[in-house]
Amino acid sequence: IIPQKQVGRKNDIYVGVISYDHKVALDGKYIAIVSSTVETDNPAAELEPGFKLLHPIEHKFLSVTDMFEPVSNGTEDKCFISTSFDPSSHFELVGADIMDIYKRITGKELELKPKVNSGDEGESA
């Protein structure tokens, strides 16, 4: 994560790199994803601090995707729609959105705790 203030922006820049070890690229090659929220009419220039970390770049693909959010929270019509993926590399806002949708559907907070084994199942003597 390149902090926003470090590069004179309002939003952080996220850089993620995956490789052959992840079974997504040829051995010796890497795929990098540089993302952020668009702030100007020149998104490619906004991501330049992230690109500078990755040289040499063999191929670069640029895309800008609109972000959407539902017009209602779903409690009236029971149609629960998530927001668009956020630009962060760790999907921070998506995780919060999922937990919020769960609460709207069930009325309870989502608890993500490991199940405790009672000792009776799955153990052999």
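Brief remarks on what is shown
- Split the accessible area of the chain by element, probe 1.4 Å, and carbon with sulfur accounts for 55%.
- Difference of contour (0.36 nm per residue) and Cα-Cα distance, residue 53 to residue 6: 15.5 nm
- Debye equation applied to the C-alpha atoms of the stretch 12-80, log10 I(q)/I(0) at 0.16, 0.17, 0.19, 0.28 Å⁻¹: -0.69, -0.73, -0.82, -1.30
- Inverse mean reciprocal Cα-Cα distance (Kirkwood Rh) of the stretch 4-52, Å: 12.0 Å
- Sequence-distant lysines (8 or more away, or on other chains) whose Cα lies within less than 28 Å of residue 115: 103
- Per residue, the stretch 67-111 exposes an accessible area of 77 Å² to a 1.4 Å probe, with every protein chain left in place.
- Rounded to 10°, Cα long-axis angle of helix 92-106 versus longest principal axis of the chain: 30 degrees
- Per-pair calculated FRET efficiency, R0 = 30 Å: residue 39 and residue 76 via Cβ, rounded to 0.05: 0.30
- Excluding exposed DSSP-loop chymotrypsin sites (Phe, Trp or Tyr not before Pro) (at most 16 other C-beta within 10 Å), longest clean stretch of the chain: 1-60
- Within the listed set 71, 17, 38, the Gaussian network model of the chain (springs between alpha-carbon atoms below 10 Å) gives the highest mean-square fluctuation for 71.
- The chain: C-alpha pair distances exceeding 20 Å, %: 62 percent
- One chain, two ends: residue 104 and residue 23. Fully extended at 0.36 nm per residue, the span grows by 25.4 nm beyond their Cα-Cα distance.
- Per residue, the stretch 4-52 exposes 69 Å² of solvent-accessible protein surface, assessed with a 1.4 angstrom probe and all protein chains in place.
The values are calculated or read from the model by the stated rules, or taken from the named source; none is laboratory data. Please read these numbers as outputs of a predicted model, since none were measured by experiment. Counting neighbours? That spans all protein chains shown, and the Cβs are built from the backbone with ideal geometry, glycine included. Calculation scope for accessible area: heavy atoms of the full protein, side chains included, ligands and nucleic acids excluded. Shrake-Rupley method; radii C 1.70, N 1.55, O 1.52, S 1.80 Å.
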